[in-house]
Structure formats: structure tokens, C-alpha cells
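Worksheet: one structure, shown below.
The values are calculated or read from the model by the stated rules, or taken from the named source; none is laboratory data. Predicted model only: the values in this text are computed from it and were never measured. A quick note on method: Cβ atoms are made from the backbone with ideal geometry, for glycine too, and the neighbour counts reach across all protein chains shown. Calculation scope for accessible area: heavy atoms of the full protein, side chains included, ligands and nucleic acids excluded. Shrake-Rupley method; radii C 1.70, N 1.55, O 1.52, S 1.80 Å.
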Amino acid sequence: MGRRRWAARTMCTILLMGFASACGETGPVFRNVSVQVTPAERVLDAIGAQGTFEAVVSDGRGEAVFGARGGWSVADPSVAEVDDAGVVTALAAGSTTVVATVTGLGILQASGSAIVRVAPVVAAVDVLDDGGGTAAAGTALPGPVRVRASDRLGNPVADRPLRFQVLEGGGNATPSEPRTDPDGVASATWTLGTQAGTPQRLAVGTAEGPTLQTVEATAVAGPPSGLLLDPTPPAFGVLGRPLGTAVQVRVADAFVNATAGVPVRFEPASGAGSAAPTEAVSD
């Protein structure tokens, strides 16, 4: 009789370790487990970049549980996607949560999560348009300077500030820190410096980072604005004879840059003699 009671208690214990319904139990016995996903956060720096998460299942004593069935999902599939191995692929800029869920081995369901941030970093800048390349000193190029920013995998980086900074020649770029559009394109108007013939260089890079591209332009003299005596002619001369020094003028624009190819007429006032030649072209 005692042996039969011991056998019954043993059978009851075995059933309780699984999904017992005998010995007074009415349902399965579930294990108390937790799921930890590592790393807790991963940042992906380019569209198409990948990163791997791992899930560790442990029981109430902190010991690893093996053999449970697991699956992966993301809260916002427009930002990233995840495969069965926990490999996450960036799809668009933003932030979402990756979730690991496990079942089986007497586990009702347990899950853990981590953060995925997709933050594309500008790795390269390509010049789409140099603005025309040439303009009168002190004026803007005919068109804007347009560039395209891309991440390390060649995808356009949207809504990021780029820095347009004059390196040589003076002048300025407006705006100095435009943001890229959805195609990764940013543009600025480049006004050249006031000295013709000097190098004009514009650097383009990220707002906080190094120069990624350099644009060059040529500043030429603007339209003639005035004449400068060079040198000053002598104040006295012999009546009826040429002055000892020829009268020379320099044609200049508004910023005193020499302007070539401009016709100049020399016409003495009444009674002041004659000039030869009466017309010349600035060199």
C-alpha cells in the first residue's frame, strides 16, 4: 500500500515538470524566464547598413535557458527590417525598437527589446553645378552652387546641414549652412571677392566636420566705372610741342580692377592743343 502511494506521488511530480493536468493541477506549468537583447542600442550610419542583435534567455536564477523557439520583429518596419538571425538592415532615417520573442519549453511567452537608430552620416559630397564658374568681381555667380551629399554606401542623405565656406578670394556664400533636400541636394549662392584675377575657392563639408569638396571660380573685372591717371602728367610743357610724358589712363571697374578692351577717347579742351592718337583701347 505504501509503495503504491509513493509511485503515485512520483508520477505526479513528473507531470508537474511538463504540462500536468493530474494530481489536482488544471493547466500547464510555465517557466519564469526573461529575455535580454544585446546591445541595448545600435546606431546604423547609412541606408542599407546592417547590425546584429543577440537574445539571451535566462530563468529566475539567472541561468541560461536553451532550446526555446525565438523570433524577431521591429516596431516600425519603415525604418528597419530584421531577419530570423537578428540581423537588422537600415531602411530610412529614424528610430525604432527591435523585439526578440521566445516560446516553448513551458514558456508562455517572453520578450526583450533594444533600440535601433538609423542616422545616416554624410561621407561624401559631389558637385552637381559650379554656378557657372565665372563672374565679375564682387558679384554672384550666374547660378547657385549645387552639391549632393551621400552616406558611405552612396545613398543620398536628407535633411542634414552642409557648410559652404569661402577659402580664398573673399566673398561669401548664402546661405552658409543650407540643409539637404530629400535627394541629398543643397545649394548656395556664391558671391565672389572684389579682386579680379585672384584665386576663388569655396569649401563644402558637413557643419561640424572636415571639407569634403572644393569648388573653384574665376573673378573677372566688371564693367568700366572710371578712369585713373597713371602716371599724373606734367603740369607744364612747351607751347606747340608734345609733353615730355604721355598722358596715360587706366580703365577700372567699381572695385578698381583694371578693365581691358574698353575704347577711350582723348579730346583736349578748346585751346589746349591736340592729342595723338585721339582714340585707344585699354590693354
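Could you check how many residues of the stretch 55-80 are modelled with pLDDT under 95, under 15 Å from V98 (Cα atoms) and either touching a Pro at 6+ places or on another chain (Cβ under 7 Å) or open to solvent by 60 Å² or more (accessible area, probe 1.4 Å) (or both)?
2
Quick test for you: out of A186, A258, pick the one residue that is open to solvent by less than 30 Å² (accessible area, probe 1.4 Å) and out of contact with any Gly (no Cβ under 6 Å at 6 or more places or on another chain).
The conditions single out A186.
Among the strands (runs of 3 or more DSSP E) confined wholly to the stretch 92-169, which include 2 or more residues that are out of contact with any helix residue (DSSP H, G or I) (no Cβ under 8 Å at 6 or more places or on another chain), modelled with pLDDT of 95 or more and under 23 Å from S187 (Cβ atoms)?
124-129, 134-136, 145-150, 162-168
S282 is checked against (1) of a type in the set (G, A, S); (2) within 30 Å of D126 (Cα to Cα); (3) surrounded by 14 or more Cβ atoms within 10 Å (Cβ to Cβ) and fails just one. What number does that condition carry?
(2)
Over 30 Å from A149 (Cβ atoms), open to solvent by 30 Å² or more (accessible area, probe 1.4 Å) and in a loop (DSSP other than H, G, I, E, B): is that true of A85 in this structure?
Yes, satisfied.
The conditions are (1) surrounded by fewer than 16 Cβ atoms within 10 Å (Cβ to Cβ); (2) within 30 Å of R148 (Cβ to Cβ); (3) touching a Phe, Trp or Tyr at 6+ places or on another chain (Cβ under 7 Å), and L202 fails exactly one of them. Which is it?
Here L202 clears every test but (1).
Which of the residues that make up the stretch 261-279 are on the phi < 0 side of the Ramachandran plot and surrounded by 11 or more Cβ atoms within 10 Å (Cβ to Cβ)?
Scanning the stretch 261-279 gives V262, V264, F266, P268, A275, T278.
In this structure, does R152 turn out to be open to solvent by 10 Å² or more (accessible area, probe 1.4 Å), basic (K, R) and more than 30 Å from D76 (Cβ to Cβ)?
no
Which of the residues that make up the stretch 243-255 are aliphatic (A, V, I, L, M), within 46 Å of the chain's Cα centre (by Cα) and open to solvent by 60 Å² or more (accessible area, probe 1.4 Å)? So that I can check it myself, show each step before the final result.
At the first step, the residues of the stretch 243-255 found to be aliphatic (A, V, I, L, M) are 243, 246-247, 249, 251-252, 254.
From what is left, the residues that are within 46 Å of the chain's Cα centre (by Cα) are 251-252, 254.
Within the stretch 243-255, just A254 meets the criteria.
Cβ contacts < 7 Å: first residue over 13 Å from V43 (Cα atoms), restricted to the stretch 78-89; second residue outside any strand (DSSP E or B) and open to solvent by 70 Å² or more (accessible area, probe 1.4 Å), any location; separation 6+ or different chain. Result?
Taking only residues 6 or more apart or on different chains, the pairs are S78/L91; E81/L91.
Report whether or not Q165 is out of contact with any Leu (no Cβ under 8 Å at 6 or more places or on another chain) and open to solvent by 40 Å² or more (accessible area, probe 1.4 Å). Steps first, please.
On the way: out of contact with any Leu (no Cβ under 8 Å at 6 or more places or on another chain): no; open to solvent by 40 Å² or more (accessible area, probe 1.4 Å): yes.
No, not satisfied.
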